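Novice: Handing you a structure now.
Readers should treat all values here as calculations from the given coordinates under stated rules, not as data from a laboratory. The structure displayed is predicted, hence computed values, not measured ones. Note: ideal-geometry Cβ built from the backbone for every residue, glycine included; neighbour counts use all protein chains shown.
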Amino acid sequence: IDEDTPPKTLSSRSISAVAEYILSGRAKRIVVMTGAGISTAAGIPDFRSPDTGLYANLASLDLPEPEAVFDLSFFKVNPRPFYVLARELYPGNYHPTVSHVFVRLLAEKGLLHHLFTQNIDCLEREAGIPANKIIEAHGSFASQRCIECKKEFDGAKMKEFVSRGEVPRCEEEGGCKGLVKPDIVFFGEQLPKAFFDRREMVEQADLVLVMGTSLQVHPFAGLVNLAEERVPRVLFNLERVGSMGSQADDVLVLGDCDEGVRKLADELGWREELEEKWRGL
Ligand code: CNA
């Protein structure tokens with residue numbers, strides 16, 4: 001659609017109209033979808049940004065293609081590149097961003113219906129977003145298991161292995177010795193059942209906020225299309241992605257997502273609260 005098509009739900013396609021919609025009490029079930037772009041300000045590179053993205057920087061790992069680092073059959077033959085990356089991304093090294101804290105604020109105000117994240121860095125939990133409101137669609141570093149016998153592997157030990165840059169192996173009695181992998185969803189692996197169970201929460205949403213994702217990875221990317229057509233969808237991203245912008249109530253906030261979120265917080269009168277919570281973490 002062209003930019004001039006009048007919106008059906010919002011008074012205009014702008015951040016201030018989104019704030020007005022929230023403050024009017026009509027947005028009670030806000031669904032947030034996030035990707036690597038909300039963590040770049042924390043110092044964690046995304047995948048696909050040219051030059052700074054991880055895929056652009058994996059050359060030294062000698063991979064057939066960058067995606068191989070998250071490919072199970074490649075991992076079975078050569079788990080090292082994944083563990084080089086794991087060392088870099090491992091939770092504990094980074095601090096949640098303003099965007100993470102904004103989602104927590106939505107939860108505290110009783111407005112967050114659900115958060116669907118593709119990130120594996122656990123910064124949502126660290127920001128204080130309630131665990132029962134989060135779907136980590138691609139898993140996380142929070143737990144790990146043997147890829148052969150599926151036995152869970154101790155978290156403290158895992159941390160030691162990762163920090164030494166070593167590959168952990170199963171210590172099951174009787175000597176399984178299978179490779180241990182964090183519960184991160186690799187290419188070709190099934191997403192957690194909860195992801196599919198809770199997709200209906202997007203259908204129930206009265207506002208969808210999409211932040212820092214290229215919307216290139218399916219089935220996650222398809223979530224944005226589950227919202228009803230009259231439901232406003234707001235994109236906070238460096239670039240326009242997926243179907244965002246194609247509906248009459250879509251609002252594009254292009255640029256750094258923390259900056260966009262701060263603008264929305266300004267319009268909502270929540271800015272001070274947001275900064276205070278962020279500083280207090
Ligand atoms: P992606 O494909 O790398 O896309 C990131 C998107 O964010 C791009 O469209 C960028 O333009 C945009 N972006 C980057 N920085 C900013 C910023 N400061 N403000 C606004 N937008 C920004 O990443 P996706 O998440 O879409 O891809 C899915 C993969 C990436 C998932 O499977 C993740 O597990 C995986 N990943 C996760 C992390 C993490 O956990 N932090 C890091 C890198 C990759």
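Novice: Just to confirm a number: summing +1 for Lys and Arg and -1 for Asp and Glu over residues other than Glu152 whose beta-carbon lies under 15 angstrom from that of Glu152, what do you get?
Specialist: Values: positive: Arg145, Lys150, Lys151, Lys157, Lys159, Arg169, Lys181; negative: Glu148, Asp154, Glu171, Glu172, Glu173, Asp183.
Result for the local shell: +1.
Novice: Separate question: I'd like to compare 111-121, 88-98: which one has the highest average count of other Cβ atoms within 10 Å, and what's the full order after that?
Specialist: Details: 111-121: 22.9, 88-98: 17.7.
Top of the packing list down: 111-121, 88-98.
Novice: Okay, next question. Taking other Cβ within 10 Å of each residue's Cβ, how do Arg279, Arg199 sort, fewest first? Provide the component values of the computation, followed by the final result.
Specialist: On the way: Arg279 8, Arg199 17.
Starting with the residue having the fewest Cβ neighbours, the order is Arg279, Arg199.
Novice: What GluC sites (Glu not before Pro) in region 140-230 are in a loop by DSSP, with at most 11 other Cβ atoms within 10 Å of the Cβ?
Specialist: Glu173, Glu229
Novice: In Å and from the alpha-carbon atoms only, list the Rg and Dmax of region 1-122.
Specialist: 19.3, 56
Novice: Let me ask another. Write down the Å³ per residue value for the convex hull defined by the alpha carbon atoms of the chain.
Specialist: Spread over its residues, the Cα hull of the chain gives 128 Å³ apiece.
Novice: Where does the charge balance sit around Leu215 when Lys and Arg score +1, Asp and Glu -1, over other residues with C-beta under 15 Å from its C-beta? Write down the numbers at each step before the final one.
Specialist: Values: positive: Arg48, Arg233, Arg240; negative: Asp46, Glu239, Asp250.
Net local charge, Leu215 excluded: 0.
Novice: Which net charge results when you count Lys and Arg as +1 and Asp and Glu as -1 among the other residues whose beta-carbon is under 13 Å from that of Phe141? Walk me through the numbers before you get to the answer.
Specialist: On the way: positive: Arg87, Arg125, Arg145, Lys159, Lys181; negative: Glu88, Asp121, Glu124, Glu126, Glu136, Asp183.
Net local charge, Phe141 excluded: -1.
Novice: Still on this structure: Name the residue, out of Asp154, Asp249, Asp46, whose mean-square fluctuation peaks in a Gaussian network model built on the chain with Cα pairs under 10 Å.
Specialist: Asp154
Novice: Hey, another quick one. Name the residue from Leu254, Met201, Ser49 whose Cα lies farthest towards the positive end of the charge dipole of the chain, charges +1 on Cβ of Lys and Arg and -1 on Cβ of Asp and Glu.
Specialist: In the chain, that residue is Met201.
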